[in-house]
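I have placed the structure first, in the form of structure tokens, so that the comments after it can refer back to it.
The values are calculated or read from the model by the stated rules, or taken from the named source; none is laboratory data. For clarity, every value in this text was computed on a predicted model and none was experimentally measured. Methodologically, a virtual Cβ is constructed for each residue, glycine included, from the backbone with ideal geometry; neighbour enumeration extends over all protein chains shown. All accessible areas refer to the heavy atoms of the entire protein, side chains included, with ligands and DNA or RNA removed. Shrake-Rupley method; radii C 1.70, N 1.55, O 1.52, S 1.80 Å.
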2 protein chains.
Amino acid sequence: MPTVSEPVPALDALAEALQRLPGVGPKSARRMVYHLLERDREGARSLTGALEQALERVRHCRRCNNLTESELCPVCASPRRDQSFLCVVESPSDIPSVEQAASFNGTYYVLMGRLSPLDGVGPEDLAFEGLERRVAEGVQEVVVATNATVEGEATAHYIRERLEPKGIRVTRLAHGVPLGGELEFVDASTLDRALTRRYPLEDD
Amino acid sequence: MPTVSEPVPALDALAEALQRLPGVGPKSARRMVYHLLERDREGARSLTGALEQALERVRHCRRCNNLTESELCPVCASPRRDQSFLCVVESPSDIPSVEQAASFNGTYYVLMGRLSPLDGVGPEDLAFEGLERRVAEGVQEVVVATNATVEGEATAHYIRERLEPKGIRVTRLAHGVPLGGELEFVDASTLDRALTRRYPLEDD
């Protein structure tokens, strides 16, 4: 804000608070401040209200750790979802992506992170005990949908080691060339994996 | 959010409120929602507080319409600023940009918009009367720093017509090739203007 002697602290404080949002740097924060105070005070008020309500109401689903306003999240509460088929994700924000894949009618379990020894995140820091309790409720298959990163892969292998001895079928999301993707733009390790896992065409 | 039967209204409401911020679409709003509720509830709380404080405290400077928490904005209140040299801008958000140009030690006047007949914005919708009152307080020169758009130029000419008869020197920000700009990337009309306004090198 103005680089003059006396500052306008409320503007600076708002700009700073906005920079805690992902993808918002000093310049866009400043643009937002002026937008909210100059052109959309109504919007600023509705943002305050929505934030307060969300902070107050949104919590974790007792069963799967998804975000929800009730005891159970909409997916866990739905009678139409297959409670014996579990998709394990790292974070609640991964769930909407899987939901967009129309083929999934199972339920979720959110690990609340991934194993990352370098960051000091071990099995005791994630929700593996809850996962085992959930699996004991008659789950037959767990598809591990952690990210395709080194940590995500390690987490997937750890889950397999922990659940397979209990007779659970543990699967992993397939890796390969994205649909609609041009080979030219696919990275070498993905292409390598797609080659190794090639399948006979009649399977389609 | 989840595309299942029962929604999570507090999440949807927050995502919608965030989309009133400039440059925030549905995808980044969703990312912000999860970030705030999952990883940074503290940040969400400080954003609520900062918004409330800014809404309550920030108003327009009585003298120049800049945003401020006091009667007068820091620039108008400063004894070190030249009160007889006025820079006219469209919006308070233009002021920090001019402040960064170290050479300006005058004061500001914010028009609160620009003339735009197509959008139904005429002289009576802008703060021209306040500008005339401000100019009557011993202003000698007004540099018009409205945007270099059709509307900004029209507004500049209107100000000249209104103030020059009162014996005020009315100037305009220079247009031309940006410093450090490569000719290849300068648009034709700017280059045309830069050619017309070319100046003898010894002036530098």
*Considering segment A:30-40 alone, what residues qualify as being touching a Gly at 6+ places or on another chain (Cβ under 9 Å) and more than 7 Å from chain B (Cβ to nearest Cβ)?*
A:Leu36
_Tally, over segment A:56-81, of residues that are small (Gly, Ala, Ser) and either surrounded by 19 or more Cβ atoms within 10 Å (Cβ to Cβ) or in a loop (DSSP other than H, G, I, E, B) (or both)_ = 2
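For the subset of segment A:180-190 comprising residues that are modelled with pLDDT under 80 and not aromatic (Phe, Trp, Tyr), which member is farthest from A:Val139 (Cα to Cα)? Give the derivation first.
Quick first cut of segment A:180-190, residues modelled with pLDDT under 80 only: A:180-186.
Those still in the list that are not aromatic (Phe, Trp, Tyr) too: A:180-184, A:186.
On the way: A:Gly180: 34, A:Gly181: 35, A:Glu182: 38, A:Leu183: 38, A:Glu184: 41, A:Val186: 35 Å.
By that ranking, first place goes to A:Glu184.
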*Among the residues of segment B:163-203, how many are assigned to a loop (DSSP other than H, G, I, E, B), under 29 Å from B:Leu131 (Cα atoms), open to solvent by less than 80 Å² (accessible area, probe 1.4 Å) and among the hydrophobic types (A, V, I, L, M, F, W, C)?*
1
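If you check B:Glu69, B:Glu141, which single one turns out to be within 11 Å of chain A (Cβ to nearest Cβ), in contact with a Lys or Arg (Cβ under 7 Å, 6 or more places away or on another chain) and in contact (Cβ under 8 Å) with a residue 12 or more places away in the chain? Show your work before the answer.
On the way: B:Glu141 fails: within 11 Å of chain A (Cβ to nearest Cβ).
It is B:Glu69.
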*asked:* Suppose the filter is more than 7 Å from chain B (Cβ to nearest Cβ) and buried (at least 21 other Cβ atoms within 10 Å of the Cβ); does A:Leu86 pass it?
replied: yes
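Restricting to segment B:16-29, what's the tally of residues that are closer than 14 Å to A:Pro96 by Cβ, open to solvent by 10 Å² or more (accessible area, probe 1.4 Å) and either facing another protein chain (nearest Cβ under 7 Å) or aliphatic (A, V, I, L, M) (or both)?
We begin by selecting, within segment B:16-29, every residue closer than 14 Å to A:Pro96 by Cβ; these are B:26-29.
Those left that are additionally open to solvent by 10 Å² or more (accessible area, probe 1.4 Å): B:26-28.
Add one more test, that the residue is either facing another protein chain (nearest Cβ under 7 Å) or aliphatic (A, V, I, L, M) (or both), and what stays is B:28.
The qualifying residues number 1.
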*asked:* Condition check: open to solvent by 30 Å² or more (accessible area, probe 1.4 Å), over 30 Å from B:Arg172 (Cα atoms) and either in contact with a strand residue (DSSP E or B) (Cβ under 9 Å, 6 or more places away or on another chain) or not in a helix (DSSP H, G or I) (or both). Does B:Glu38 satisfy that?
replied: yes
*Regarding A:Thr48, is this residue more than 30 Å from B:Ala102 (Cα to Cα), buried (at least 17 other Cβ atoms within 10 Å of the Cβ) and either under 15 Å from the mean Cα position of the chain (by Cα) or at pLDDT below 90 (or both)?*
no
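For (1) among the hydroxyl-bearing types (Ser, Thr, Tyr); (2) open to solvent by less than 60 Å² (accessible area, probe 1.4 Å); (3) within 24 Å of B:Gly176 (Cβ to Cβ), each residue gets a yes or a no:
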residue	(1), (2), (3)
B:Glu99	no, yes, yes
B:Tyr108	yes, yes, yes
B:Gly122	no, yes, no
B:Ala127	no, yes, no
B:Arg134	no, yes, no
B:Gly138	no, yes, no
B:Thr146	yes, yes, yes
B:Glu161	no, no, no
